[in-house]
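What follows is a single structure, written as C-alpha coordinates, with notes after it.
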Amino acid sequence: MQIKIHMLTVRTKRTFAIARGSSDTFDRVILTLEEDAITGRGEAAPTDYYGQNAQSVAEALSLIQISDPWDIEGTLADNDSLPPSALAALDSALHDLAAKRLGIPVYRLLGLACPVPVSAYTLGIADPETTVEEAKKLSNFPILKMKVGDRRDIETVAAVAEVSNAALWVDANEAFSPDEALEVAWELKEIGVGMIEQPVPAFAGPDALRGVTEAAKPLPVIADEGAISARDVPKLAGCASGVNVKLAKCGGIRRALAMVHAARAQGMLVMLGCMVETSLGIAAAAQISGLVDFVDLDGAMLLADDPFTGPGYENGHILLPEVPGLGVEPL
(Lines give C-alpha, C1' and ligand atoms only; values in the text may rest on other atoms or scores of the structure.)
Protein backbone atom coordinates (compact mmCIF):
# COMPACT_ATOMS: atom_id res chain seq x y z
CA MET A 1 0.00 0.00 0.00
CA GLN A 2 1.18 3.50 -0.83
CA ILE A 3 0.63 6.11 1.88
CA LYS A 4 0.89 9.78 1.00
CA ILE A 5 0.52 12.81 3.24
CA HIS A 6 0.43 16.43 2.24
CA MET A 7 -0.47 19.68 3.93
CA LEU A 8 -2.49 22.45 2.35
CA THR A 9 -3.85 25.84 3.35
CA VAL A 10 -7.41 26.87 2.53
CA ARG A 11 -8.90 30.34 2.69
CA THR A 12 -12.36 31.47 3.66
CA LYS A 13 -14.39 33.89 1.56
CA ARG A 14 -14.32 36.35 4.46
CA THR A 15 -12.60 36.47 7.82
CA PHE A 16 -14.12 33.86 10.10
CA ALA A 17 -14.46 35.21 13.64
CA ILE A 18 -15.66 33.37 16.74
CA ALA A 19 -15.48 34.20 20.45
CA ARG A 20 -11.90 32.88 20.73
CA GLY A 21 -10.41 34.69 17.74
CA SER A 22 -10.50 35.04 13.98
CA SER A 23 -8.71 33.78 10.87
CA ASP A 24 -9.09 33.60 7.12
CA THR A 25 -6.60 30.74 6.53
CA PHE A 26 -6.69 27.17 7.84
CA ASP A 27 -4.03 24.47 7.53
CA ARG A 28 -5.28 20.99 6.70
CA VAL A 29 -3.63 17.59 6.16
CA ILE A 30 -4.71 15.13 3.46
CA LEU A 31 -4.02 11.40 3.84
CA THR A 32 -4.07 9.24 0.70
CA LEU A 33 -4.07 5.44 0.75
CA GLU A 34 -3.56 3.65 -2.58
CA GLU A 35 -3.79 -0.08 -3.21
CA ASP A 36 -4.49 -1.96 -6.44
CA ALA A 37 -4.91 1.37 -8.28
CA ILE A 38 -7.75 2.40 -5.94
CA THR A 39 -7.35 5.51 -3.79
CA GLY A 40 -8.92 6.36 -0.45
CA ARG A 41 -8.63 9.84 1.00
CA GLY A 42 -9.21 11.49 4.36
CA GLU A 43 -8.80 14.97 5.78
CA ALA A 44 -7.40 16.04 9.12
CA ALA A 45 -8.66 19.40 10.40
CA PRO A 46 -6.52 20.13 13.47
CA THR A 47 -7.11 23.12 15.73
CA ASP A 48 -4.96 24.75 18.39
CA TYR A 49 -7.88 24.58 20.83
CA TYR A 50 -7.48 20.80 20.97
CA GLY A 51 -3.67 20.98 21.04
CA GLN A 52 -3.11 19.97 17.41
CA ASN A 53 -1.59 21.61 14.36
CA ALA A 54 -0.98 20.54 10.78
CA GLN A 55 2.71 19.79 11.26
CA SER A 56 2.23 17.57 14.30
CA VAL A 57 -0.70 15.77 12.68
CA ALA A 58 1.27 15.14 9.47
CA GLU A 59 4.13 13.72 11.53
CA ALA A 60 1.72 11.47 13.43
CA LEU A 61 0.17 10.19 10.20
CA SER A 62 3.61 9.35 8.83
CA LEU A 63 3.83 6.64 11.51
CA ILE A 64 0.54 4.86 10.84
CA GLN A 65 0.51 1.07 10.55
CA ILE A 66 -1.91 -0.69 8.20
CA SER A 67 -1.71 -4.49 8.00
CA ASP A 68 -5.16 -5.08 6.50
CA PRO A 69 -7.08 -2.07 5.11
CA TRP A 70 -10.30 -4.12 5.03
CA ASP A 71 -10.08 -4.40 8.82
CA ILE A 72 -11.18 -0.86 9.54
CA GLU A 73 -11.88 -1.40 13.24
CA GLY A 74 -8.60 -3.23 13.78
CA THR A 75 -6.58 -0.63 11.90
CA LEU A 76 -8.13 2.20 13.91
CA ALA A 77 -7.41 0.31 17.13
CA ASP A 78 -3.79 -0.25 16.08
CA ASN A 79 -3.43 3.51 15.50
CA ASP A 80 -5.47 4.64 18.51
CA SER A 81 -2.63 6.87 19.77
CA LEU A 82 -3.10 9.25 16.84
CA PRO A 83 -4.47 12.74 17.61
CA PRO A 84 -8.25 12.71 16.95
CA SER A 85 -8.07 14.79 13.76
CA ALA A 86 -5.38 12.46 12.38
CA LEU A 87 -7.45 9.41 13.34
CA ALA A 88 -10.40 11.02 11.53
CA ALA A 89 -8.29 11.28 8.37
CA LEU A 90 -7.29 7.61 8.63
CA ASP A 91 -10.89 6.57 9.35
CA SER A 92 -12.21 8.46 6.32
CA ALA A 93 -9.49 7.16 3.99
CA LEU A 94 -10.16 3.56 5.03
CA HIS A 95 -13.90 3.94 4.49
CA ASP A 96 -13.36 5.65 1.14
CA LEU A 97 -10.98 2.89 0.00
CA ALA A 98 -13.22 0.01 1.12
CA ALA A 99 -16.38 1.49 -0.40
CA LYS A 100 -14.62 2.15 -3.72
CA ARG A 101 -13.42 -1.45 -3.80
CA LEU A 102 -16.99 -2.61 -3.28
CA GLY A 103 -18.38 -0.10 -5.78
CA ILE A 104 -20.76 1.53 -3.28
CA PRO A 105 -21.01 4.88 -1.48
CA VAL A 106 -19.71 5.00 2.08
CA TYR A 107 -23.20 5.43 3.51
CA ARG A 108 -24.15 2.08 1.94
CA LEU A 109 -21.05 0.51 3.49
CA LEU A 110 -22.39 1.72 6.84
CA GLY A 111 -25.84 0.26 6.15
CA LEU A 112 -27.49 3.67 5.82
CA ALA A 113 -29.85 5.31 3.35
CA CYS A 114 -28.65 8.14 1.13
CA PRO A 115 -28.69 11.23 3.35
CA VAL A 116 -30.19 14.50 2.17
CA PRO A 117 -28.83 16.97 4.73
CA VAL A 118 -29.78 20.62 4.99
CA SER A 119 -26.96 22.45 6.71
CA ALA A 120 -26.82 25.69 8.60
CA TYR A 121 -24.65 28.43 7.12
CA THR A 122 -22.45 30.19 9.68
CA LEU A 123 -22.19 33.95 10.10
CA GLY A 124 -18.98 34.84 11.92
CA ILE A 125 -18.85 37.66 14.44
CA ALA A 126 -18.92 41.07 12.78
CA ASP A 127 -20.51 44.47 13.29
CA PRO A 128 -24.33 44.52 13.12
CA GLU A 129 -24.55 46.29 9.77
CA THR A 130 -22.19 43.83 8.06
CA THR A 131 -23.95 40.82 9.56
CA VAL A 132 -27.44 42.04 8.63
CA GLU A 133 -26.35 42.69 5.05
CA GLU A 134 -24.79 39.24 4.80
CA ALA A 135 -27.95 37.65 6.20
CA LYS A 136 -29.99 39.41 3.53
CA LYS A 137 -27.70 38.02 0.81
CA LEU A 138 -28.26 34.53 2.24
CA SER A 139 -32.04 34.77 2.05
CA ASN A 140 -32.29 31.41 0.26
CA PHE A 141 -30.59 29.54 3.11
CA PRO A 142 -33.13 27.94 5.46
CA ILE A 143 -30.80 27.95 8.51
CA LEU A 144 -28.26 30.53 9.66
CA LYS A 145 -25.93 29.87 12.57
CA MET A 146 -24.63 33.00 14.25
CA LYS A 147 -21.42 33.17 16.23
CA VAL A 148 -21.55 35.39 19.31
CA GLY A 149 -18.91 36.50 21.79
CA ASP A 150 -20.58 39.09 24.03
CA ARG A 151 -23.90 40.72 24.85
CA ARG A 152 -23.61 43.15 21.94
CA ASP A 153 -23.67 40.21 19.56
CA ILE A 154 -27.05 39.20 20.98
CA GLU A 155 -28.35 42.52 19.67
CA THR A 156 -26.99 41.53 16.26
CA VAL A 157 -28.91 38.26 16.47
CA ALA A 158 -32.08 40.24 17.15
CA ALA A 159 -31.35 42.50 14.18
CA VAL A 160 -30.91 39.51 11.87
CA ALA A 161 -34.13 37.96 13.18
CA GLU A 162 -35.93 41.12 12.03
CA VAL A 163 -34.77 40.80 8.42
CA SER A 164 -34.37 37.05 7.87
CA ASN A 165 -36.90 34.24 7.59
CA ALA A 166 -34.22 31.64 8.23
CA ALA A 167 -34.19 29.55 11.37
CA LEU A 168 -31.46 31.00 13.61
CA TRP A 169 -29.03 28.98 15.70
CA VAL A 170 -26.55 30.67 18.04
CA ASP A 171 -23.04 29.40 18.89
CA ALA A 172 -21.25 31.11 21.76
CA ASN A 173 -18.08 28.98 21.78
CA GLU A 174 -17.92 29.19 25.61
CA ALA A 175 -18.20 33.00 25.62
CA PHE A 176 -20.39 33.53 28.71
CA SER A 177 -20.06 32.91 32.41
CA PRO A 178 -22.75 30.64 33.89
CA ASP A 179 -24.56 33.68 35.32
CA GLU A 180 -24.36 35.67 32.07
CA ALA A 181 -25.51 32.64 30.10
CA LEU A 182 -28.77 32.48 32.07
CA GLU A 183 -29.67 36.00 30.96
CA VAL A 184 -28.50 35.32 27.41
CA ALA A 185 -30.69 32.22 27.26
CA TRP A 186 -33.75 34.25 28.23
CA GLU A 187 -32.95 36.91 25.61
CA LEU A 188 -32.37 34.39 22.83
CA LYS A 189 -35.59 32.61 23.71
CA GLU A 190 -37.44 35.91 23.38
CA ILE A 191 -35.80 36.53 19.98
CA GLY A 192 -37.01 33.12 18.84
CA VAL A 193 -33.76 31.35 17.97
CA GLY A 194 -33.92 27.60 17.43
CA MET A 195 -30.87 26.39 19.35
CA ILE A 196 -27.97 27.53 21.57
CA GLU A 197 -24.57 25.91 21.30
CA GLN A 198 -21.98 25.77 24.12
CA PRO A 199 -22.91 29.01 25.95
CA VAL A 200 -20.52 28.41 28.89
CA PRO A 201 -16.90 27.26 29.18
CA ALA A 202 -16.46 23.51 29.08
CA PHE A 203 -14.27 23.67 32.18
CA ALA A 204 -17.26 24.99 34.16
CA GLY A 205 -18.60 21.44 33.99
CA PRO A 206 -21.96 19.88 33.15
CA ASP A 207 -23.79 21.58 36.03
CA ALA A 208 -23.14 24.99 34.48
CA LEU A 209 -24.85 23.76 31.33
CA ARG A 210 -27.72 22.36 33.38
CA GLY A 211 -28.70 25.81 34.64
CA VAL A 212 -28.69 27.29 31.16
CA THR A 213 -30.62 24.35 29.75
CA GLU A 214 -33.32 24.80 32.38
CA ALA A 215 -33.52 28.54 31.72
CA ALA A 216 -33.64 28.06 27.96
CA LYS A 217 -36.42 25.43 27.83
CA PRO A 218 -37.90 24.54 25.40
CA LEU A 219 -34.97 25.95 23.43
CA PRO A 220 -32.34 23.18 23.12
CA VAL A 221 -28.83 23.75 24.46
CA ILE A 222 -26.11 21.73 22.71
CA ALA A 223 -22.71 20.87 24.20
CA ASP A 224 -19.77 21.16 21.80
CA GLU A 225 -16.41 21.87 23.44
CA GLY A 226 -17.66 19.91 26.45
CA ALA A 227 -18.48 16.83 24.35
CA ILE A 228 -15.34 15.42 22.75
CA SER A 229 -16.04 11.69 22.61
CA ALA A 230 -18.64 9.09 23.53
CA ARG A 231 -17.19 8.93 27.04
CA ASP A 232 -18.31 12.52 27.65
CA VAL A 233 -21.95 11.93 26.73
CA PRO A 234 -23.37 10.19 29.85
CA LYS A 235 -22.22 12.94 32.22
CA LEU A 236 -23.96 15.53 30.04
CA ALA A 237 -27.31 13.73 30.16
CA GLY A 238 -29.81 15.92 31.98
CA CYS A 239 -27.41 18.88 31.76
CA ALA A 240 -27.52 19.60 28.02
CA SER A 241 -30.24 18.89 25.49
CA GLY A 242 -27.78 17.31 23.13
CA VAL A 243 -24.20 17.06 21.88
CA ASN A 244 -22.35 18.29 18.81
CA VAL A 245 -20.48 15.47 17.07
CA LYS A 246 -17.51 16.39 14.87
CA LEU A 247 -15.31 13.86 13.11
CA ALA A 248 -12.15 15.93 13.64
CA LYS A 249 -12.97 16.24 17.33
CA CYS A 250 -13.85 12.63 18.15
CA GLY A 251 -11.69 10.71 15.65
CA GLY A 252 -13.74 9.86 12.57
CA ILE A 253 -16.90 8.17 11.36
CA ARG A 254 -16.72 5.13 13.66
CA ARG A 255 -16.21 7.20 16.79
CA ALA A 256 -18.86 9.67 15.65
CA LEU A 257 -21.34 6.80 15.40
CA ALA A 258 -20.42 5.79 18.95
CA MET A 259 -21.25 9.33 20.11
CA VAL A 260 -24.57 9.26 18.25
CA HIS A 261 -25.53 5.95 19.84
CA ALA A 262 -24.44 7.12 23.30
CA ALA A 263 -26.52 10.27 22.98
CA ARG A 264 -29.60 8.41 21.76
CA ALA A 265 -29.27 5.96 24.66
CA GLN A 266 -29.52 8.97 26.99
CA GLY A 267 -32.49 10.44 25.12
CA MET A 268 -30.42 13.36 23.85
CA LEU A 269 -30.46 15.35 20.63
CA VAL A 270 -27.54 15.11 18.22
CA MET A 271 -25.92 17.81 16.13
CA LEU A 272 -23.37 16.99 13.41
CA GLY A 273 -20.79 19.73 13.04
CA CYS A 274 -17.47 20.45 11.37
CA MET A 275 -14.40 22.61 11.38
CA VAL A 276 -13.58 24.84 8.41
CA GLU A 277 -12.90 21.89 6.11
CA THR A 278 -12.72 21.05 2.45
CA SER A 279 -15.35 19.00 0.64
CA LEU A 280 -13.33 15.90 1.55
CA GLY A 281 -13.93 16.36 5.27
CA ILE A 282 -17.52 17.49 4.76
CA ALA A 283 -18.35 14.49 2.57
CA ALA A 284 -17.07 12.12 5.24
CA ALA A 285 -19.31 13.66 7.91
CA ALA A 286 -22.29 13.92 5.58
CA GLN A 287 -22.36 10.12 5.20
CA ILE A 288 -23.96 9.85 8.66
CA SER A 289 -26.00 13.05 8.56
CA GLY A 290 -29.27 11.16 8.25
CA LEU A 291 -28.89 10.04 11.87
CA VAL A 292 -28.92 13.48 13.52
CA ASP A 293 -31.27 16.34 14.41
CA PHE A 294 -29.12 19.37 13.52
CA VAL A 295 -26.68 19.51 10.60
CA ASP A 296 -23.92 22.12 10.53
CA LEU A 297 -21.64 21.01 7.70
CA ASP A 298 -20.93 24.31 5.99
CA GLY A 299 -17.13 24.21 6.22
CA ALA A 300 -16.60 23.87 2.47
CA MET A 301 -19.33 26.42 1.71
CA LEU A 302 -17.26 29.02 3.58
CA LEU A 303 -14.16 28.45 1.45
CA ALA A 304 -12.87 30.64 -1.35
CA ASP A 305 -10.63 27.85 -2.68
CA ASP A 306 -11.99 24.35 -2.03
CA PRO A 307 -9.38 21.99 -3.57
CA PHE A 308 -11.86 19.10 -3.95
CA THR A 309 -15.01 18.47 -5.91
CA GLY A 310 -17.84 16.04 -5.30
CA PRO A 311 -20.76 17.14 -3.12
CA GLY A 312 -23.03 19.81 -4.49
CA TYR A 313 -24.05 22.76 -2.34
CA GLU A 314 -27.34 24.50 -3.04
CA ASN A 315 -28.55 27.03 -0.48
CA GLY A 316 -27.57 24.85 2.45
CA HIS A 317 -28.55 21.55 0.84
CA ILE A 318 -25.66 19.10 0.54
CA LEU A 319 -26.04 16.81 -2.46
CA LEU A 320 -23.88 13.70 -2.19
CA PRO A 321 -23.03 12.08 -5.51
CA GLU A 322 -24.19 8.46 -5.75
CA VAL A 323 -20.77 7.12 -6.68
CA PRO A 324 -18.42 4.72 -4.88
CA GLY A 325 -16.62 5.92 -1.79
CA LEU A 326 -16.94 9.45 -0.47
CA GLY A 327 -17.51 10.78 -3.98
CA VAL A 328 -14.71 13.34 -3.69
CA GLU A 329 -11.83 13.97 -6.08
CA PRO A 330 -9.08 16.62 -6.25
CA LEU A 331 -9.66 19.49 -8.64
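Quick check on the range 43-61. Is at least one of its residues in contact (Cβ under 8 Å) with a residue 60 or more places away in the chain and more than 17 Å from the chain's Cα centre (by Cα)? No: zero hits. When residues in the range 110-133 are screened for being buried (at least 17 other Cβ atoms within 10 Å of the Cβ) and closer than 18 Å to Phe16 by Cα, 10 of them pass.
Of the helices (runs of 4 or more DSSP H) that lie entirely inside the range 215-331, those containing 1 or more residues that are of a type in the set (S, T, N, Q) span 279-286.
Within the range 36-64, the set of residues being more than 28 Å from Leu303 (Cβ to Cβ) and either in the same structural domain as Met275 (by TED's automatic domain parsing) or at pLDDT 95 or above (or both) comprises Ala37, Leu63.
Checking the condition part of a helix (DSSP H, G or I), without any contact (Cβ under 8 Å) to a residue 24 or more places away in the chain, closer than 15 Å to Ile253 by Cβ and not assigned by TED's automatic domain parsing to the domain that holds Glu314, which residue from Ala77, Ala86 passes? Checking each option against the conditions leaves just Ala77. Identify, please: which residue in the range 44-68 is touching an Asp or Glu at 6+ places or on another chain (Cβ under 6 Å) and closer than 19 Å to Cys250 by Cα and is, among those, surrounded by the fewest Cβ atoms within 10 Å (Cβ to Cβ)? So the residue we want is Ala54. One residue alone among Glu225, Glu190, Glu197 is touching a residue at least 60 places away in the same chain (Cβ under 8 Å), surrounded by fewer than 20 Cβ atoms within 10 Å (Cβ to Cβ), assigned by TED's automatic domain parsing to the domain that holds Asp150 and under 22 Å from Val157 (Cβ atoms), and that residue is Glu225. Tell me, which residue of the range 17-41 that is outside any strand (DSSP E or B) and on the phi > 0 side of the Ramachandran plot is surrounded by the most Cβ atoms within 10 Å (Cβ to Cβ)? Residue satisfying both the conditions and the ranking: Asp36.
Determine whether the range 83-97 contains at least one residue that is aliphatic (A, V, I, L, M), touching a Ser or Thr at 6+ places or on another chain (Cβ under 7 Å), surrounded by fewer than 23 Cβ atoms within 10 Å (Cβ to Cβ) and over 30 Å from Val212 (Cα atoms). No, there is no match, as no residue in the range 83-97 is aliphatic (A, V, I, L, M), touching a Ser or Thr at 6+ places or on another chain (Cβ under 7 Å), surrounded by fewer than 23 Cβ atoms within 10 Å (Cβ to Cβ) and over 30 Å from Val212 (Cα atoms). Residue count for the range 155-175 satisfying the condition of being on the phi < 0 side of the Ramachandran plot and either under 23 Å from the mean Cα position of the chain (by Cα) or in contact (Cβ under 8 Å) with a residue 60 or more places away in the chain (or both): 9. Of the numbered criteria (1) within 22 Å of Pro220 (Cβ to Cβ); (2) touching a residue at least 40 places away in the same chain (Cβ under 8 Å), the one Arg264 fails is (2).
The values are calculated or read from the model by the stated rules, or taken from the named source; none is laboratory data. Computed from a predicted model, the values in this text were never measured in an experiment. With ideal geometry, Cβ positions are generated from the backbone for all residues, glycine too; neighbour counts draw on all protein chains shown.
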